[in-house]
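First the structure, in the form of structure tokens, and then the observations on it.
The values are calculated or read from the model by the stated rules, or taken from the named source; none is laboratory data. These figures come from a predicted structure and were not determined experimentally. Note that each Cβ is placed from the backbone with ideal geometry, even for glycine, and that neighbours are counted across all protein chains shown. Surface accessibility is based on the protein's heavy atoms, side chains included, excluding ligands, DNA and RNA. Shrake-Rupley method; radii C 1.70, N 1.55, O 1.52, S 1.80 Å.
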Amino acid sequence: MKYAIEATAVQKRFGSLQALGGVDLAVEEGEFFGLLGPNGAGKTTLISIIAGLTRADAGRVKVMGYDVVGDYRLARRNLGVVPQELVFDPFFTVRETLRIQSGYFGLRDNGAWIDEVMESLGLADKADVNTRALSGGMKRRVLVAQALVHKPPVIVLDEPTAGVDVELRQTLWQFIARLNRDGHTIVLTTHYLEEAESLCNRIAMLKGGKVVALDKTANLLKRHAGAFLHLKVKGELPAALAQGAPREAGGGYRFQLASYDDVESVLAPVRAAGLHIEELQVLTPDLEDVFVQVMSGAPAQERT
Amino acid sequence: MSRAATSEVGSGFRTLLYKELLRFWKVSAQTVTAPVLTAVLYLLIFSHALQGRVEVYPGINYTAFLIPGLVMMSVLQNAFANSSSSLIQSKITGNLVFVLLPPISHIEFFGAYVIAAVVRGLAVGLGVLLVTLLFTVPPVVAPLWGLAFAVLGSGLMGAVGLFAGIWAEKFDHIAAFQNFFILPATFLSGVFYSIHSLPPTWQVISRFNPFFYMIDGFRYGFFGVSDVSPWVSLAVVGGSFVALSLAIVELLKRGYKLRH
Ligand SMILES: Nc1ncnc2c1ncn2[C@@H]1O[C@H](COP(=O)(O)OP(=O)(O)OP(=O)(O)O)[C@@H](O)[C@H]1O
Ligand SMILES: [Mg+2]
């Protein structure tokens, strides 16, 4: 099986800081993969190693089967990276920037695709503007466009939506989703968890340079202990029931359920006490709940 | 299959070279016109002060003697400035990633920066030469020697600049390199005098200065006279260039300071 990205026991130290402590990760071709984790977890470090911008101290990484150090030319030809830092070359216009980037990848007559990328990212009317004169969000779009000039089979986006308005977020995700449908593998880091939840089919969570969760998004959501029940009654809940359920701002209670079967164990005492129910809602956990649970140190083992 | 690969190899190099040339050409007032002006000021001041008082080579007036040295000094300093400033700027602004992400080989990377430095050096040198011709026209006895030293010297200084750019972490480091190494070495290389006019100790010290050979060899192209044989100078400059180039390509291969 050829993986789009395959990282094996990757370690990286910066002085006394262990930025990556043995990361194993395999992204399959065609996946939309999320790489999540708090600030300093090591996401950018891992991406830099995949991109060949940083050398791992130990372990190896392959892109489409090509070693990023030994076979760096083929590995890089297959990879497009949108860096986290908002960088640009103040000497050139948007179109010049994209032409030059194409040339670096060996593409001379790339005008049609450059136009299409600019169009899709809302850059068309800025084509002949110097990158120095663009707003932050526009510069971010240029960075995305630069990563795509050579139509790389594997696209890695390091927080592409940081500081970006709603409109671009939507345009960007539409465009990236289209590329994914066309067969491109996408790896994404973001701190907007709802974005990751709706886009990514599989997610790895990194903490302190280690993978602490790695599963299909659907499984991760299921893995979180059950669901939540939001309940508001007229009058007071029986003390035994109210105990251990956090009271919400609106006067309701939030019960954590191990499974849907537990709904009954909450409702039975309410019925027995003859209380009138004003609000009732079963909430499934979202990725943020899972993220918080994983990061707070819950066991990292996968449940099978 | 292999043909496609070859054409791709060329493209990364060509594009990087084109980008490097465009970079200095877009600001040619700073990168070409200003250094030409500086060199002409040197010529005016030194020839005014020393013309008629000093005759370095018999039958050659001092202003004529000065021209090749000033031209070569400009060539060398600007070749160094081009690769070092381009690289440190890209490093500090972070846009070096655009060059580090594509499949550009170490040799292509080296070649593009050094050749752009040679072009800038020669452009400035030619500018200085043309302007100084307004003052006096020196003889040109062996133009091929002159050209060989201009190209090889600017290649060497382009490589030195590339090394400085790789090593430096901020602009101050480049400035220090320039002020403590490049500038003293050029001034003590015989731009303004022949080393035969120096005390014996200084003559010996000058022989360890690579700039001395570059200037002396270049001047041979004009007057057919030099302090040491041009072949010796050619060997020193060429040897230094090859040794430094190999070292830099090895550093690039290891990712020294660029892919840490
Ligand atoms: N060049 C460097 N020198 C020293 N330490 C570094 C360097 N790069 C990263 N680090 C450290 O390595 C750790 C991981 O950093 P990294 O940038 O990979 O985190 P991240 O997961 O991308 O965080 P964020 O969400 O903030 O982008 C951090 O503690 C960071 O300070
Ligand atoms: Mg990061």
- Note on the structure: Kirkwood Rh for region A:94-174 from C-alpha pairs, in Å, is 12.8
- Probe 1.4 Å - accessible area at B:T33, Å² to nearest ten: 90
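With a cut-off of 8 Å between alpha carbons and a minimum separation of six or more residues, what is the relative contact order of chain A in percent? Intermediate values should be presented prior to the final figure.
Details: 562 pairs, mean separation 59.7, N = 304.
Reported as a whole number, the value is 20 percent.
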- Could you state the accessible area per residue of region B:3-254 in Å², with a 1.4 Å probe and every protein chain left in place? 42
- Say the dipole of the protein assembly as shown comes from +1 at the beta carbon of Lys and Arg and -1 at that of Asp and Glu; which of B:Y113, B:G146, A:A51 then lies farthest toward its positive end? B:G146
- Note on the structure: Only helices counted: for chain A, with every DSSP H run of 4 or more residues adding -39500 (n - 2.57) and the sum spread over all residues, [θ] at 222 nm is -9500 deg cm²/dmol
- Note on the structure: Amide H proximity to A:E278 below 5 Å, modelled H, separation 5+ or other chain, gives A:K232, A:V233, A:K234
- Ranking by accessible area, most exposed first, for B:L147, A:L143 with a 1.4 Å probe: B:L147, A:L143
- Would you kindly find the accessible area of A:H224, with a 1.4 Å probe and non-protein molecules such as ligands, DNA and RNA excluded, rounding to the nearest 10 Å²? 10
- Spherically averaged projected area of the protein assembly as shown from its Cα convex hull (nm²): 33.9
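I need to check one value: relative contact order of region B:93-199, counting alpha carbon pairs closer than 8 Å and at least 6 residues apart, in percent.
Details: 27 pairs, mean separation 34.2, N = 107.
It comes to 32 percent, rounded to a whole number.
What is chain B's relative contact order, in percent, from Cα pairs under 8 angstrom and six or more apart in sequence?
On the way: 341 pairs, mean separation 63.5, N = 260.
24 percent.
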- So, with +1 on the Cβ of K and R and -1 on the Cβ of D and E, and no other charges, what is the size of the charge dipole of the protein assembly as shown about its Cα centre, to the nearest 20 debye? 1240
- Query: Hey, what angle do you get for helix B:34-50 against the long axis of chain B, alpha-carbon based, 0 to 90 degrees rounded to 10?
  - Reply: 20
- Task: May I ask you to evaluate 6.51 cos²θ - 1.76 cosθ + 1.60, the Karplus curve with θ = phi - 60°, for each residue of region A:15-25 and list the ³J(HN,Hα) values in order in whole Hz, giving x for glycine and proline?
- Result: x, 8, 8, 8, 6, 10, x, x, 9, 10, 7
- How would A:R271, A:R60 rank on accessible area, largest to smallest, probe 1.4 Å? A:R271, A:R60
- Anyone know which of A:G30, A:G136, A:G250 comes out most mobile in the 10 Å Cα GNM of chain A? A:G250
- Can you give the accessible area of B:F241 in Å² (nearest 10), computed on protein heavy atoms with a 1.4 Å probe? 50
- Once the dipole of the protein assembly as shown is set up with Lys and Arg at +1 and Asp and Glu at -1 on Cβ about the Cα centre, which of A:A245, B:W167, B:L66 lies farthest towards its positive end? B:L66
- Query: Angle between the Cα long axis of helix A:94-104 and the longest principal axis of chain A, 0 to 90 degrees, nearest 10?
  - Reply: 70
- Task: State to the nearest 20 debye the size of the charge dipole of region A:3-221 about its Cα centre, where the only charges are +1 on K and R beta carbons and -1 on D and E beta carbons.
- Result: 560
- Helix B:2-26 sits off the longest principal axis of the Cα atoms of chain B, rounded to the nearest 10 on a 0 to 90 degree scale, by 50
- Alpha-carbon gyration tensor eigenvalues x 5, square-rooted, for chain A, Å: 44, 24, 16
- Lys/Arg +1, Asp/Glu -1 at C-beta; region A:3-221 dipole; positive extreme among A:Q146, A:I186, A:L206: A:L206
- Message: With viscosity set to 0.890 mPa s at 25 °C, what whole-number translational diffusion coefficient in µm²/s follows for region A:226-284 from Stokes-Einstein and a Kirkwood radius over Cα pairs?
- Response: 216
- Query: In Å, what Rg and Dmax follow from the Cα atoms of region B:3-254?
  - Reply: 18.6, 64
- Message: Excluding ligands, DNA and RNA, what is the accessible area buried between chains B and A, summed over both sides, using a 1.4 Å probe, to the nearest 100 Å²?
- Response: 2900
- Give me the distance in nm between label points sitting 7 Å out from Cα along the Cα-to-Cβ direction at B:A29 and B:L133, one decimal. 2.7
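Sorting B:Y193, A:Y260, B:Y213 by accessible area (1.4 Å probe), largest first, what list results? Display every interim value, and only then the final one.
Numbers: B:Y193 50, A:Y260 135, B:Y213 20 Å².
Correct descending sequence by accessible area is A:Y260, B:Y193, B:Y213.
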- Message: Over chain B, with a Gaussian network built from C-alpha contacts below 10 Å, which listed residue (B:V242, B:V128, B:V191) shows the highest mean-square fluctuation?
- Response: B:V242
- Over the Cα atoms of region B:117-260, what Rg and Dmax result, in angstrom? 16.4, 52
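About the Cα centre of chain B, how large is the charge dipole given +1 on each Lys and Arg Cβ and -1 on each Asp and Glu Cβ? Please answer in debye to the nearest 20. Intermediate values should be presented prior to the final figure.
Details: 15 positive and 9 negative charges, 117 e Å.
Here chain B has a charge dipole of around 560 debye.
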- Please give the residues from region A:62-86 for which the solvent-accessible area of heavy atoms, probe 1.4 Å, is smaller by at least 10 Å² with all protein chains in place than with the chain isolated. A:Y72, A:R73, A:R76, A:R77, A:V81, A:P83
- Can you give me the Cα centroid spacing of region B:78-127 and region B:30-65 in angstrom? 30
- Fluctuation leader among A:A147, A:A127, A:A249 - chain A, Gaussian network, Cα springs under 10 angstrom: A:A249
